[in-house]
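Participant: Here it is, the structure, as structure tokens.
Computed from the coordinates by the stated procedures, all read-outs in this text should not be read as laboratory data. This structure is a prediction, so every number in the text was calculated from the model and none was measured. Cβ placement follows ideal geometry from the backbone for every residue including glycine, while neighbour counts extend to all protein chains displayed.
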Amino acid sequence: MSGVPQSNPQKTFYLETFGCQMNVHDSEKVVGTLIQEGYRQVEAVEQADLILYNTCSIRDKAEQKVFHRLADYKKLQAQGKKFGVLGCVAQQEGEKIFERAPHVSLVCGSASYNKLPDMLVKLEGVSGALPPETPRAARKDAALRDDAFIEPETGVGSIDAHPAKTAQGGAASALADRAFGPMDSRGRLSPHQTGNLVRITGLDDRQTDKCFETEFTARTNPHRGYITIIEGCDKFCAYCVVPFTRGKERSRTSESVLAEARQIADLGYSEIQLLGQNVNSYKDPAGKQSFAELLAAVGEVPGIKRVRFTTSHPRDFGRDIIEAIDAVPTLCDHVHLPVQSGSTRVLDAMQRLYSREQYMERIAWMKSAKREISITTDVIVGFPGETEADFAETLGLLDEVGYDGVFTFKYSPRPNTPALGLEDAIPEEEKSRRLEVLMARQREIQIARYRKYIGTRCEVMVEGHNEARGQWIGRTSHNKTLNFTADQAPKIGTYAQVQVTGSFPNSLLGEMVV
Ligand code: SAM
Ligand code: SF4
């Protein structure tokens, strides 16, 4: 990060994100919150006063990463740097993190992000990092000067104002009061210290009805804007830690979502991706719009050329979504519909709440759509009790659906989940074998599916340039990567027509047509 004078008294922070798109977007909002609170983002751990990790615990491997990172940088505590763990591992492990990594000062689950401003004040109270007399508004102004902007990954960044204000002051302070104890005479929360160690937690909000709506979102992609429409999950699939880490399901009002969509369209974004662990169970608290209606309304926002959504749950996936895709051209020709297994017996054990037949009914709806819809999915292999016959059913399902992409996972036992109590664990080697067989089968399917595009013309959003190959990187409405050459350089973020000339298992090749 450059452009900020060394004498700048601002506190600095470094944030690394692990895991899914929800986490990536949560981080954009966390960064917005920190900037609003007078912090400045830096790109190296060594430059930061506060080091934050936004974590994922969907599988054991993801969870271990954060502890490795914390161990790697522990020595920096001697320089007065503070460490915070956010997200799913924070919520799952809670105060145990302080035992495993005593240099951590802040542990905050995603359902408690609304309290971050108060937690930061508490951290500052301990370090005295920001001048105590600096009012929050003045710190916000400082954060909004050009020199305080974060440096985006893509080179052209923006910080946009969010329509809904974060509840601060009264309500947040009252909540914080309960969580952390009384405020001192300066209006700061009294820090809870053990010797020299500060312990701040935000872990008790999983029953909240509030979504994390920030005044500012520090978006890292200047063309595709992510908008959370629903947080948490009430599905409790037997293998999944998400309902325990992200808390109960809660939706934003359609009004608030649409206001954010209009706002980012005004800022020049042309693609929107609606996010949630299960977007199909969206329930407008104001009772105005269903998910399909909201999707269509976002697609009709002036300036928006593409709308995507993820993730869908087969149980809640209605035909009205396909009708919306048929009716609104800006809705992309792609649906990600995780199946997890092709065996109804395993789906029952997973508590997925649908059968293979019901899943295939949804696939039939998609296949009867006016436009060809590209379908992708998630599959877990080696769930406890999965027999060779169950696995064969999953392979058969891949052939029957003809997926355009499959995200494959080996079952990983997670804390608190019902599947932990199941017998007949599948040995690791067998899980690995099934994973390889599945991936090989899907590769063949994709080779055939991608080959069909040769000779067609696709519109792509230009996402980047590969210097080494002399190719531009584009994305189709079907969510396929289409690398192409062009006589005249297209601008990143614009749309181009590309003639497809070749295909690979995971990408297409083409030439821009003028
Ligand atoms: N909410 C989405 C859904 O219902 O599919 C996605 C949740 S999760 C972030 C993404 C994927 O991780 C899941 O679809 C599932 O395939 C995989 N997953 C979740 N828990 C897992 C576990 N314990 N072991 C292996 N894979 C898991
Ligand atoms: Fe996890 Fe199931 Fe909820 Fe998806 S729907 S987040 S897999 S519990």
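Participant: What's the local net charge at Glu63, with K and R +1, D and E -1, over the other residues with C-beta under 10 Å away? Display every interim value, and only then the final one.
Facilitator: Working: positive: Arg59, Lys61, Lys65, Arg414; negative: Asp60, Glu93.
Charge balance near Glu63 sits at +2.
Participant: Of the listed pairs Lys248/Lys283; Lys29/Lys288; Lys61/Lys410; Lys248/Lys431; Lys11/Lys82; Lys115/Lys248, which have alpha-carbon separations greater than 20 Å here?
Facilitator: In this structure, Lys29/Lys288; Lys248/Lys431 exceed 20 Å between Cα atoms.
Participant: Still on this structure: Could you tell me whether segment 460-514 comes out rounded, prolate or oblate from its Cα gyration tensor? Rule is a ≥ b ≥ c as square roots of the eigenvalues, rounded for a/c under 1.5, then prolate if a/b exceeds b/c, otherwise oblate. Each step should come with its number before you reach the end.
Facilitator: Numbers: a/c = 1.36, a/b = 1.21, b/c = 1.12.
It comes out rounded by the Cα gyration axes.
Participant: Pull up the DSSP beta bridges for segment 388-514 and report the antiparallel fraction as a percent, rounded to 5. The partial results should precede the final answer.
Facilitator: Details: 21 of 26 bridges.
Counting DSSP beta bridges with both partners in segment 388-514, the antiparallel share is about 80 percent.
Participant: Moving on to the next point. With a sphere of radius 13 Å drawn around the Cβ of Ala496, what net charge do the other residues whose Cβ falls strictly inside it have (Lys, Arg +1; Asp, Glu -1)?
Facilitator: 0
Participant: Let me ask you something else. List the residues, sorted by chain then number, that are 5 or more residues from Ala238 or on another chain and whose placed amide H is less than 5 Å from its amide H.
Facilitator: Excluding prolines and chain starts, which carry no amide H, the hits are Gln351.
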